[in-house]
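Notes follow once the structure below has been shown.
The values are calculated or read from the model by the stated rules, or taken from the named source; none is laboratory data. All values derive from a computational prediction rather than experimental measurement. Glycine gets a Cβ as well: all are built from the backbone with ideal geometry, and neighbour counts include every protein chain shown. These accessible areas exclude ligands, DNA and RNA; they are computed on the full protein's heavy atoms, side chains included. Shrake-Rupley method; radii C 1.70, N 1.55, O 1.52, S 1.80 Å.
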Amino acid sequence: MIMIMTWFNLVCSSLIAAAALWQVTDATQPRLERLCMTLLACGAVVNVVGVSEAVAGTGTGLLSQAFAWPSEAALNLGAAAMLIRWSYAACKCRGTTGRRPQE
């Protein structure tokens, strides 16, 4: 069960990192939202490295994690779903920027 949750956490953290990095590059979002996405992406990348190290079995580094808590995996699933839906909505509306044309 612990290994399933660890793999689940690794997949969700990877999705969070990818979606947050995608949102950081969206210039139509306000600066504060892009800053929050940057922090979320940094945390997700660190989590991916730590969980990858736990899955690989090295466990000697500073970022190693023994196992994933079920609540952490559930939180990552919710964040991944939210970010993927947000990225999909932003990609779908890519044709309109919401900015007024120069007169």
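Assorted remarks:
- Taken as a whole, segment 37-48 holds no residue that is modelled with pLDDT under 75 and either open to solvent by 70 Å² or more (accessible area, probe 1.4 Å) or on the phi > 0 side of the Ramachandran plot (or both).
- Restricting segment 49-80 to residues that are under 15 Å from the mean Cα position of the chain (by Cα) and open to solvent by 60 Å² or more (accessible area, probe 1.4 Å), the residue that is modelled with the lowest pLDDT: ALA74
- Segment 1-29 residues that are touching a residue at least 40 places away in the same chain (Cβ under 8 Å) and closer than 13 Å to MET82 by Cα, paired with ones that are of a type in the set (Phe, Trp, Tyr) and part of a helix (DSSP H, G or I) (beta carbon under 7 Å, 6 or more apart): GLN23/TRP86
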